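The values are calculated or read from the model by the stated rules, or taken from the named source; none is laboratory data. These figures come from a predicted structure and were not determined experimentally. Reconstructed Cβ throughout: ideal geometry from the backbone, glycine too, with neighbour counts over all protein chains shown.
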Amino acid sequence: MTIKVVGFEVSISVLSVIAEKISVLYNGDFKFTETSAICCYLVSKYQRKHSNKILMPHDIHEVALVNQFISYKSFYYEPLIRTIVFQEVFQRIPENPELIKQFRKEIDKVLEVYDKLLEGKEYLASKFL
């Protein structure tokens with residue numbers, strides 16, 4: 001979504017999922033990984049250059065809220081989802097109903113925090129995406 005909104009042209013290659021790193025950005029000689037870091041980099045570098053859409057606000061407090069949301073996603077939501085998907089899709093471990101039940105409870109707790117952060121707002125921070 002970030003790439004589309006900033007209007008950035010990309011070449012996408014399919015990499016081995018087993019390599020554990022999916023998202024890689026090459027920009028000239030500069031290379032790095034991690035989806036959230038790549039999105040923040042693209043927004044910082046290209047916001048308003050190819051599109052009028054604003055993904056990251058300018059107000060420091062609103063930026064802090066966006067970063068809080070990104071951190072929460074990275075540390076609480078993604079590990080739960082990644083564990084379930086990796087076991088079921090890549091390791092072909094049969095579905096474990098008790099494990100899924102436990103993870104659903106934990107995911108529900110994470111989503112409750114998201115709901116509280118977004119309560120009464122159209123977007124996470126101010127009027128931006």
Inset, instruction - Look at region 82-104 and say how many of its residues are at pLDDT 85 or above and surrounded by 11 or more Cβ atoms within 10 Å (Cβ to Cβ). - result: 3
Legend entry - Which listed residue, of LYS73, LYS49, LYS53, LYS121, is over 21 Å from GLU34 (Cα atoms), surrounded by 13 or more Cβ atoms within 10 Å (Cβ to Cβ) and of a type in the set (Lys, Arg): LYS53
Inset, instruction - Report whether or not LYS73 is of a type in the set (D, E, K, R), without any contact (Cβ under 8 Å) to a residue 24 or more places away in the chain and not in a loop (DSSP other than H, G, I, E, B). - result: no
Legend entry - Per-region count, region 56-70, residues of a type in the set (Asp, Glu) and either under 19 Å from GLU119 (Cα atoms) or in a helix (DSSP H, G or I) (or both): 1
Inset, instruction - Please go through region 39-55 and pick out each residue that is free of Cβ contacts under 8 Å to residues at least 24 places away in the same chain and assigned to a helix (DSSP H, G or I). - result: TYR41, SER44, LYS45
Legend entry - Inter-residue pairs, beta-carbon under 9 Å, first closer than 25 Å to PHE69 by Cα and outside the structural domain of LYS73 (by TED's automatic domain parsing) and in region 87-111, second surrounded by 13 or more Cβ atoms within 10 Å (Cβ to Cβ) and among the small types (Gly, Ala, Ser), 6+ apart: none
Legend entry - Selected residue (criterion: nearest to LEU99 (Cα to Cα)) from residues of region 40-81 that are of a type in the set (S, T, N, Q) and modelled with pLDDT under 85: SER44
